[in-house]
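Every read-out reported here was derived from the displayed coordinates using simple, explicitly stated rules and does not represent laboratory data. Just so we're clear, the structure is a prediction, and the values are computed from it rather than from any experiment. For neighbour counting, all protein chains shown are included, and Cβ atoms are generated from backbone atoms with ideal geometry for every residue, glycine included.
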Amino acid sequence: MTVSADVDFLTYKIDRTFDMLDGDGDGLLTETDLCGLADGMAKALGEPSDAPKIVELRSAFSHFWHSELGRMSSDSSREGLTREDFCAGMRGRAVSQGPEAREEFLSNVGVMTHCWMDIGSQDGDGLVTQDEFVAMYHNGMGVPEGELVGTFAKLDVDGDGRLSRDDVRQATAEYYTSEDPEARGNWLFGPI
Ligand SMILES: [Ca+2]
Ligand SMILES: [Ca+2]
């Protein structure tokens with residue numbers, strides 16, 4: 001999908017994350033796809049798949065499935081979400097259902113983000129350097145390496161060379177809820 005007149009910008013951003021999350025690429029997003037991302041990240045970073053940080057990330061993905069995604073299916077007889085279910089459900093939680101739903105949604109996203117940052121921060125200080133960021137997004141998620149340096153600069157709002165939890169929390173909120181094409185958080189998964 002490209003940004004076009006008949007798709008709003010937020011839906012476009014949500015749509016592109018479907019492909020990152022649907023690990024087996026069969027067009028249905030399941031809990032298995034989601035939790036499989038933790039194993040992919042373990043492999044990318046050379047960690048055993050039962051390392052404590054990986055186990056925590058897997059359980060954060062599972063939490064997000066049960067608290068959010070698992071409820072978004074339009075057909076309970078089918079296992080998993082279609083792309084349309086995912087876009088409508090995520091958009092609903094981020095915008096249409098009001099501020100309370102949005103806060104709850106962002107808090108559930110935050111559980112994942114928190115574990116994600118812990119994985120990225122190899123020395124365990126909770127801050128992610130540019131090298132750590134590139135390793136996560138290139139090796140772990142397949143984002144082209146050349147795109148990630150500019151991406152990092154966008155997300156590092158205070159320019160101190162590290163992504164803090166606040167930097168990432170703000171970027172995540174913007175990515176999943178903002179219609180503003182200029183928001184820095186739009187760069188959360190690389191150039192948009
Ligand atoms: Ca799938
Ligand atoms: Ca920073």
Legend entry - Failed item in (1) part of a helix (DSSP H, G or I); (2) away from ligand 1 (no atom under 16 Å from the Cβ); (3) surrounded by fewer than 13 Cβ atoms within 10 Å (Cβ to Cβ), with Ser77 passing the rest: (1)
Inset, instruction - Of all residues in segment 48-70, count the ones that are of a type in the set (Phe, Trp, Tyr) and either closer than 15 Å to Gly140 by Cβ or not in a helix (DSSP H, G or I) (or both). - result: 1
Inset, instruction - May I ask you to list the residues in segment 105-139 that are over 16 Å from the mean Cα position of the chain (by Cα) and farther than 16 Å from Leu155 by Cα? - result: Gln122, Asp123, Gly124, Asp125
Inset, instruction - Among the residues of segment 58-107, write down those that are in contact (Cβ under 8 Å) with a residue 60 or more places away in the chain, under 22 Å from Arg169 (Cα atoms) and not aromatic (Phe, Trp, Tyr). - result: Cys87, Met90, Arg91, Ala94, Val95, Arg102, Leu106
Inset, instruction - Tell me which residues, restricted to segment 2-61, are in contact with a Cys (Cβ under 6 Å, 6 or more places away or on another chain) and within 12 Å of ligand 1 (Cβ to nearest atom). - result: none
Legend entry - Number of positions in segment 174-192 that are crowded, with 20+ Cβ neighbours inside 10 Å and either among the aliphatic types (A, V, I, L, M) or within 11 Å of ligand 2 (Cβ to nearest atom) (or both): 2
Legend entry - Hey, Arg71 under 16 Å from the mean Cα position of the chain (by Cα), among the charged types (D, E, K, R) and more than 16 Å from ligand 1 (Cβ to nearest atom) or not: no
Inset, instruction - Within segment 174-192, track down each residue that is among the small types (Gly, Ala, Ser), within 19 Å of Met20 (Cα to Cα) and in contact with a Lys or Arg (Cβ under 9 Å, 6 or more places away or on another chain). - result: Gly185
